[in-house]
Amino acid sequence: MGNLRALSCFILLILVVFTTARPKSGPDQKCKSGPVDLVFLIDSSRSVRPHEFETMRKFMIDILNTLDIGPDSTRVGVVQYSSQVRNEFSLKTHSKLENMVKAINEIVPLAQGTMTGLAIRYLMNEAFSPGQGDRPKVPNVAVIVTDGRPQDRVAEVATEAREKGIEIYAVGVARADMTSLRAMASPPFEDHVFLVERFDLIHQFGLQFQDKLCGIDLCSESEHGCEHLCESTPGSYICHCLPGYRLNADGKTCSAIDLCAEGKHDCQQICISSPGSFTCDCNRGHQLNDDEKTCSPIDLCAEGKHDCQQVCVYMGPGFFTCDCNEGYRLNEDEKSCAPIDLCTEGKHGCEQVCVYMGPGVFTCECNEGYRLNEDEKTCSPIDLCAEGKHDCEQVCVNMGPGIFTCDCNKGYRLNEDEKSCSDMDMCNTVKHGCEYQCVNTPGSYHCICPEGQLLQEDGKTCGTCKSSNIDLVLLIDGSKSVRPQNFELVKKFVNQVVDSLDVSARGTRVGLVQYSSRVRTEFPLSMYHTAEDIKAAVLKVDYMEKGTMTGLALKHMLENSFSEAEGARPASHNIPRVGLVFTDGRSQDDISEYAKKAKEAGITMYAVGVGKAVEDELREIASDPVEKHFYYTTDFSAINTIAENLKLNVCPAESQGEVEVKDPCACENLVEFQQATMNSLDQLTQKLASMAARLEQLENQLLSRK
């Protein structure tokens, strides 16, 4: 039975593998189910059309691809039938998969009647005979595939075949008769009978058995650990016990039905169990009474036959031990007792002071300036600050039990009364590091920049996008849902972003990629070196339409757009790489893999969504912090606002790589130098005025103290 169960699961594996339409090869992928003799009995009657026969041919080949073919493992034969029976090749004919496949491809259908009973008799008497390669003690399995009602009787001959040990699977297609299929197949029918509507759906019958892949008889083929009996189940096994025993909680070992352990006895002391019966006995120092159930002890303590100083403990018949009252311990003579001083022995748990209160008893106290906590063991300093028992204006600093001093928050100083605080002029008393101007706030300060410049992430320096060099690739959605008029707005959005950048061959480079169901590079990073050329090229971009393959576009950007071949500068130059994705809908492919890979490659990713764009996808694309790299609006007409806001966040840190070398004599550079010089003079003037005011303040303070 174990081999039959393993074989059933083996056939189910064959059917499931076929449904996947992905035949596997290689020794590591074959199903190892033990030796099997398998014969396909295929209906080639005239009702089976040529293309349906081809489907049946592919069915057999796909199954063969899953088997461990060989003379000592799985042998396979093929028999076709109609009004007559023809053996295509027997179990001993081929030992290699490629020879079997060649033979199956050369089968010519008989195209006559449907004599299924005749075919089953041939299967029983000839195909599974030693002369045809059938092996003793190896399971015999037949797979019958038919598309119609048999023209002869099948029930009796199928029963005879099953009684000879042939396990039959009946696969019916289209016009097949369920009654005939059940008459042919082995029980249980739910595992051996399959019926589908047409040949191209023959794979469907395997879907219901996907949870039974490559089942084996774990009882015979594994270290199951059952102590008595093992019963195989699909994909597992169950342990059983012999009569008079029951299965333990571990599901493997067995225990005798123990009337003693179950309390089904009336022994006073000891119950000695044997399966189904018991006898009574007594502990050492006891004797069994005449009723053969109760026992009488010998109690030395009760009889006063001991020399314990305080407590005699009865330990059983003829045995005792001495013990002491609470707070005492037994001395080495195991008879007398001594008082326990837990304080002296350090067994008290008091944090500071232990007070001996008697044998085994103590209480905890605290040093001066501390109080005992609720646990009556630990101590806490009397903290006047924590208890609010101080008159500090801002900060109370605990200096020890009952002692405190006052302090002030950052940006404030302690007055002469050593309690109240005054605001400090932080801009004039600390090295604030503001590049342009420092502004005092209560207890602190912040830096500001002149109009037209932005405070950088360090909170001190000023700059604009014009001061930074980046390699920027824009991915724009050209799917059908964008529509032509909105696509023009997208191009204007791109040009707004370009206007905010300092474009040049050695400054910022810009590339443009459009995507829909495919990806197209409109121009790479290396093509244009001026903002005007880029903007002109953007206006000439044609609208692609079709789908939305955002994941494919991200892959193209990572593998192509940021390659040195397309103009990206080497990573060693430390030029920041920035990717900006603009989309209006849900991606039709997976974005996760290449969104993650782009960020892992050091590309700063921005995600801009409009309309039906999915926020979760945009957030997955955007770099951290997501809120600074993710933008969304419901209407295309509002994307110009996003372009304005994007100018603030797209500015990276100052490039550490190439810097464009400008001609100092060029007119525009002279003007720029003049403006920068004037700004620096304004800053120096403001700082000088601030320092003068501070000096005047310090002089007034000195005069007031004299």
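The values are calculated or read from the model by the stated rules, or taken from the named source; none is laboratory data. What you see is a predicted model, and the numbers here were worked out from it, not measured in a lab. No Cβ is skipped: glycine too gets one built from the backbone with ideal geometry, and neighbour counts run over all protein chains shown. Note: accessible area is taken over every heavy atom of the protein model, side chains too, but ligands, DNA and RNA are not part of it. Shrake-Rupley method; radii C 1.70, N 1.55, O 1.52, S 1.80 Å.
Once all protein chains are placed together, ILE257 keeps about 60 Å² accessible to a 1.4 angstrom probe. Nonpolar atom fraction for the range 345-492, defined as the carbon and sulfur part of the 1.4 Å probe accessible area, stands at 48 percent. As a calculated quantity, the FRET efficiency between THR159 and ASN125 at R0 = 22 Å, using C-beta atoms, amounts to about 0.90. Computed from the C-beta positions of LYS419 and ARG619 and an R0 of 51 Å, the FRET efficiency is 0.50 to the nearest 0.05. Working from label points 7 Å from Cα in the Cα-to-Cβ sense, the VAL196 to LYS305 distance is 9.1 nm. Model label points for ALA537 and GLU696, set 7 angstrom from Cα along the Cα-to-Cβ axis, are 5.9 nm apart.
At 1.4 Å probe size, with every protein chain present, just tell me what the per residue accessible area of the range 490-542 comes to in Å². Ligands and nucleic acids excluded, the result is 39 Å² per residue.
Here the calculated FRET efficiency for LYS137 and ALA261, from their Cβ-Cβ distance with R0 = 30 Å, stands at 0.10, rounded to the nearest 0.05. Counting only DSSP beta bridges with both residues in the range 71-184, the antiparallel share comes to about 35 percent. Taking 7 Å steps out from each Cα toward its Cβ at LYS460 and ALA601 produces label points 3.6 nm apart.
Sparsely packed loop sites in the range 94-184 (the trypsin sites (Lys or Arg not before Pro) outside DSSP H, G, I, E and B with at most 14 other Cβ atoms within 10 Å) comprise LYS96, LYS137, ARG153, LYS164, ARG175. Here the gap between VAL397 and LYS628, fully extended at 0.36 nm per residue and compared with their Cα-Cα distance, gives a gain of 79.1 nm.
Find the centroid of the Cα atoms in the range 243-290 and in the range 558-623, then give the distance between the two in whole Å. Cα centroid to Cα centroid, the span is 75 Å.
Restricting the trypsin sites (Lys or Arg not before Pro) of the range 510-560 to loop positions (DSSP other than H, G, I, E, B) with no more than 14 neighbouring Cβ atoms within 10 Å leaves ARG518, LYS540, LYS546. Annotation: per residue accessible area for the range 318-445 equals 64 Å², rounded to a whole number [probe 1.4 Å, protein chains only]. What separates the Cα centres of the range 418-439 and the range 49-121 is a distance of 94 Å.
For the range 391-432, the list of GluC sites (Glu not before Pro) that fall in a loop by DSSP and count at most 11 other C-beta atoms within 10 angstrom reads GLU416, GLU418. Near LYS535: Cβ cut-off under 15 Å, other residues only, Lys/Arg at +1 and Asp/Glu at -1. The net charge is -2. According to the calculation over all Cα-Cα pairs in the range 587-648, the P(r) per 10 Å bin from zero is 22, 51, 26, 1 %.
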